[in-house]
Amino acid sequence: MLRQFTSTLFLLSSSLLSFLVYGQTATSNSQANTALDAMQDNGVILLYHHVSTETPASTSISPEQFRVHMQHLADNHTVISLSNMVKALRKGESLPDKAVAITFDDGFANILENADPILKSFEFQYTVFINPDQIGKRKNQLSWEQVKAMSREGVDFANHTLSHHHMLTRQPDESEQQWLARNTMDVMDAEQKIKKELGYSLRFLAYPYGEFNQRLKQHFSELGYIGFGQHSGAIASYSDFSALPRFPAAGIYANLNSLKTKLNSLALKLVADGSQALELPYDNSPPQLAFTQQTDDTRNTQLQCFFNNSVMKPEWEGEQMTITIPDKLKPGRHRINCTSPSKNLRGRYYWFSHPWFVPTQEGTWLD
Ligand SMILES: [Zn+2]
């Protein structure tokens, strides 16, 4: 896939390079090439909300722990802007090995107060997804003056809808068409407000609560948006750019040891026909996932999937993988994570995640 080996070899650490070039006598060249391709064709996006000790624990990381994360990135990874990562992958250009992009959702003032000084000290670029109708209005939010000043210093701002609604909510008597039109107006309005204040429009949309369905992601993709979710996984040139995964890195996910595996992960190439359910009805039948595995740097027998802390055994038919969830899903957000070790890159795992969203019996969506 990526053939610019000579120009990018300098990016590889010498130990890994010798492992790849000299340590693979039993491995075919094509497999080593696939692993080398994977290193240059992958990036990881981190997702934060609050950087503070005084905000809800589930979406917060302390400034001290945030500094620990950033120091780890400085020592082991190459931090690039989200926009450069997406641009390179879409064009099929090489990324530095272990490239990481840093993102924040919701535009809280503590990003500027607590995270920005740390990020500046490491000279890390980052992106904040904001709700333009809440900027300067809701408590704890950045003001437009602050957003503009940060923008002048190189921080990117992108779309998180006007005021952070559940996009999957249907209003009473609303047709599917009206629902889609209402969401389109909201996102385009938000994009317009960012453009008016900051002079640019990235057309990056982070779905509030990470919730989307096939219709939404297809529609916004057709309008030229790149979508971002909150299901986990690395991204690559073959990812679904209408709903890219990000690794949440705060709350229960802030532990550096478990984050290390995620930061080193690669995008598992599982391809589906686009009909995989994302939004399920309240009265759902247990969902089933069917994918074709297309990475030759993994072994099907080593692919493991986890759902609600239990191991799910995929059924294989050739390269076709099927996973059946045993019970109907309760209201809320769910996701299944699948990982598989790389055959050629020691200690690195391919990662894939699929989310499901279920409303309450009343048709509302849980925060
Ligand atoms: Zn949000």
Please specify each residue of segment 36-63 satisfying the condition of being away from the ligand (no atom under 16 Å from the Cβ), modelled with pLDDT of 95 or more and surrounded by 23 or more Cβ atoms within 10 Å (Cβ to Cβ).
-> Asn42, Gly43, Val44
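Per-residue answers, yes or no, for (1) farther than 22 Å from Arg170 by Cα; (2) assigned to a strand (DSSP E or B); (3) not aromatic (Phe, Trp, Tyr):
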{"site": "Ser340", "(1), (2), (3)": "yes, yes, yes"}
{"site": "Asn344", "(1), (2), (3)": "yes, no, yes"}
{"site": "Gly347", "(1), (2), (3)": "yes, no, yes"}
{"site": "Phe352", "(1), (2), (3)": "yes, yes, no"}
{"site": "Phe357", "(1), (2), (3)": "no, yes, no"}
State which residue is farthest from Ser258 (Cα to Cα) when the search covers only segment 51-63 and only residues that are assigned to a loop (DSSP other than H, G, I, E, B) and not hydroxyl-bearing (Ser, Thr, Tyr).
-> Glu54
Quick one: which residue in His354, His334 is buried (at least 20 other Cβ atoms within 10 Å of the Cβ) and within 29 Å of Pro281 (Cβ to Cβ)?
-> His354
Mind checking whether some residue in segment 64-86 is part of a helix (DSSP H, G or I), closer than 28 Å to Gln294 by Cα, at pLDDT 95 or above and among the β-branched types (Val, Ile, Thr)?
-> yes
Do any residues in segment 129-140 that are in contact (Cβ under 8 Å) with a residue 60 or more places away in the chain and within 20 Å of Gly227 (Cβ to Cβ) have Cβ atoms under 6 Å from those of residues that are away from the ligand (no atom under 13 Å from the Cβ) and in a strand (DSSP E or B), where the two are at least six apart or on different chains, and which pairs are they?
-> Ile130/Phe157
Among Tyr207, Tyr238, which is modelled with pLDDT under 95 and out of contact with any strand residue (DSSP E or B) (no Cβ under 6 Å at 6 or more places or on another chain)?
-> Tyr238
For segment 215-237, indicate whether the set of residues that are within 14 Å of the ligand (Cβ to nearest atom) and among the charged types (D, E, K, R) is non-empty.
-> no
Some residue of segment 192-206 being among the charged types (D, E, K, R) and under 30 Å from Asn308 (Cβ atoms) = no
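Okay, residues lined up against (1) part of a loop (DSSP other than H, G, I, E, B); (2) at pLDDT 95 or above; (3) not charged (D, E, K, R):
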{"position": "Gly227", "(1), (2), (3)": "no, yes, yes"}
{"position": "Gln230", "(1), (2), (3)": "yes, yes, yes"}
{"position": "Gly233", "(1), (2), (3)": "yes, yes, yes"}
{"position": "Lys260", "(1), (2), (3)": "no, yes, no"}
{"position": "Gln276", "(1), (2), (3)": "yes, no, yes"}
{"position": "Asp283", "(1), (2), (3)": "yes, yes, no"}
{"position": "Ala290", "(1), (2), (3)": "no, no, yes"}
Of all residues in segment 193-217, how many are surrounded by 14 or more Cβ atoms within 10 Å (Cβ to Cβ), closer than 24 Å to Ser151 by Cα and not basic (Lys, Arg)?
-> 10
Out of the residues in segment 86-95 that are within 22 Å of Lys262 (Cβ to Cβ) and of a type in the set (Gly, Ala, Ser), state the one that is nearest to the ligand (Cβ to nearest atom).
-> Ala88
Checklist (1) touching a residue at least 60 places away in the same chain (Cβ under 8 Å); (2) in contact with a helix residue (DSSP H, G or I) (Cβ under 8 Å, 6 or more places away or on another chain); (3) within 16 Å of the ligand (Cβ to nearest atom) applied to Tyr253, failing item = (1)
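The values are calculated or read from the model by the stated rules, or taken from the named source; none is laboratory data. Values in this document were obtained by computation on a predicted structure and should not be read as measured data. Cβ coordinates were reconstructed from backbone atoms using ideal geometry, including for glycine residues, and neighbour counts include every protein chain displayed.
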